[in-house]
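Below is one structure, written out as structure tokens; comments come after it.
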Amino acid sequence: MKARWTQCAMLALVAVSLSACAGQRAFTRGTYEDPEQIAMLDDRWNQNDMQLVAKKIVESLGAWKTRDALDKPVVILETPKNRTTEHIDLQALYDHVKTALINSGEFTFLDKAAREEIAKEYEYQASGYVDPNEATGPGKQRGARYLLGSVITANIQQVGNDKLVYYKTTFELTDIETTEILWTDHKEIAKAFKKKSIGL
Amino acid sequence: MRSWIAVALIAIGAGAAMAADPPPGRTDGPEGSEVGRGGYAHFGTPGSIYIESFFGAAVDIELEGSGDESSMTDLVYGANVGYMMEEWLSVQVGYGYIGGDQKSSIYSIGIRNVLRNEPVNWYMGLDAELYAPDVGDSRFGIAPTAGAEVVISEKLRIGLQYQHDFIFSDDTISINRFTARLQLKF
């Protein structure tokens, strides 16, 4: 009997020792991953959502331009509207869309965010410090004809351990001269999650 | 017959191991191709079921009461079916058969606690058992388990484990089981 209890005690000791080996845990020894491979570690907006929205918008906007046989439209970006309760970096989404459209060679984008810096640069270049033959001044900027804006909304359903997150991102292209909405499209994303324990 | 069942289970596991894992979901495919595709998929998904076959050595030691401390080593094989309640916790039922001179069946039900450290995981478990020799009465036992496993793919793990069976009877029987296992997730 004594030998059996000794064996039980040894097994318990091994079990406790293995548990203790866990120690403090940290995220370490990472690997590079393909950014376009789906990775959903949590239930929030992620890079894959951004890629999916950008892909849909770029394709739709390109098809619209081809259909209406427009010359290279000159576009300026509107401030994006986030109507969700979640922090979402919509500037990153804009950058994704803008990069794809500029690289397609089909659209011209004007840099609204740099206007203040550019105005200061004009003043500096006109101050006499810069060679007049190389100085650039005001009056030659291009005027935007279209305003590209977006709004993102979300709806969350949660019952027990189940959660469904729904995002709808709508983009609109408005003619600045007439205020007509010439093109609009949206991307809907629904993601289902189950609540589970994390870690030990 | 039991031998053939064990062999069939191992063959099924090996066949599944050779099958390719489904490719992960991507965002650069055709519109809508992302629907139904997830991320962070791996073996321990809660709600999944696994089946595992095992084989190895069973060292039987009869200690107190018998007046004779003898030891026999025989082949043991069998299978378990489990349900992952959480990524780190599962319940399972199993059947094992000890061949050779011992000729006994072991029916078990128990839990496994996995200490995840992929690709190598450690685990501990505790089973309640019904020890049923081909000749003689059935007896109750408990069996703590410890083992290690290697995550081969999303659907497959292989491992080694040690299990000590405390069979409660007048002539208390202890069995040390050293087994290799092949686990397949569905």
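Measure out, as a whole number of angstrom, how far apart the alpha-carbon centroids of segment A:31-70 and segment A:95-119 sit.
Between the Cα centre of segment A:31-70 and that of segment A:95-119, the gap is 18 Å.
Could you work out the relative contact order of chain A? I mean the mean sequence separation of Cα pairs under 8 Å and 6+ apart, divided by the number of residues, in percent.
Working: 231 pairs, mean separation 38.6, N = 200.
Averaging sequence separation for qualifying contacts and normalising by length gives 19 percent for chain A.
If I model a spin label as a point 7 Å beyond the Cα along the Cα-Cβ vector, how far apart are those points for B:Asp28 and A:Asp71 in nm?
3.4
Tell me the volume per residue, in Å³, of the convex hull enclosing the alpha carbons of segment A:96-200. The partial results should precede the final answer.
Numbers: hull volume 22.4 nm³, N = 105.
Each residue corresponds to 213 Å³ of Cα convex hull volume.
How far apart, in nm, are two points set 7 Å out from the Cα along the Cα-to-Cβ line at A:Arg145 and at A:Leu110?
1.3
Evaluate Rg over Rh across chain A, taking Cα atoms for both radii and Kirkwood's formula for Rh. Could you put the intermediate results ahead of the total?
Details: Rg = 27.4 Å, Rh = 21.9 Å.
Radius of gyration over Kirkwood radius for chain A works out to 1.25.
Counting only protein heavy atoms, probe 1.4 Å: which residues of segment A:29-68 lose 40 Å² or more of accessible surface in the full assembly compared with their chain by itself?
Listed by number, the residues meeting the 40 Å² cut-off are A:Glu36, A:Gln37, A:Ile38, A:Met40, A:Leu41, A:Leu52, A:Lys55.
Please report, in debye to the nearest 20, how large the charge dipole of chain A is about its Cα centre when each Lys and Arg carries +1 at its beta carbon and each Asp and Glu carries -1 there. List each step's numbers first, then the result.
Numbers: 26 positive and 28 negative charges, 325 e Å.
So the magnitude is around 1560 debye.
Which whole-number value in Å³ per residue fits the convex hull of the alpha carbons of segment B:47-144?
Values: hull volume 11.0 nm³, N = 98.
Expressed per residue, the convex hull around the Cα atoms of segment B:47-144 is 112 Å³.
Mind checking the full-extension length gain between A:Phe27 and A:Asn103? Use 0.36 nm per residue of separation minus the Cα-Cα distance, one decimal, nm. Intermediate values should be presented prior to the final figure.
Numbers: separation 76, 0.36 × 76 = 27.36 nm, distance 3.64 nm.
Once the chain is fully extended between A:Phe27 and A:Asn103, it gains 23.7 nm.
The values are calculated or read from the model by the stated rules, or taken from the named source; none is laboratory data. As the structure is a prediction and not an experimental result, all values here were calculated from the model. Note that each Cβ is placed from the backbone with ideal geometry, even for glycine, and that neighbours are counted across all protein chains shown. What goes into the accessible areas is simple: the full protein's heavy atoms, side chains included, and nothing from ligands, DNA or RNA. Shrake-Rupley method; radii C 1.70, N 1.55, O 1.52, S 1.80 Å.
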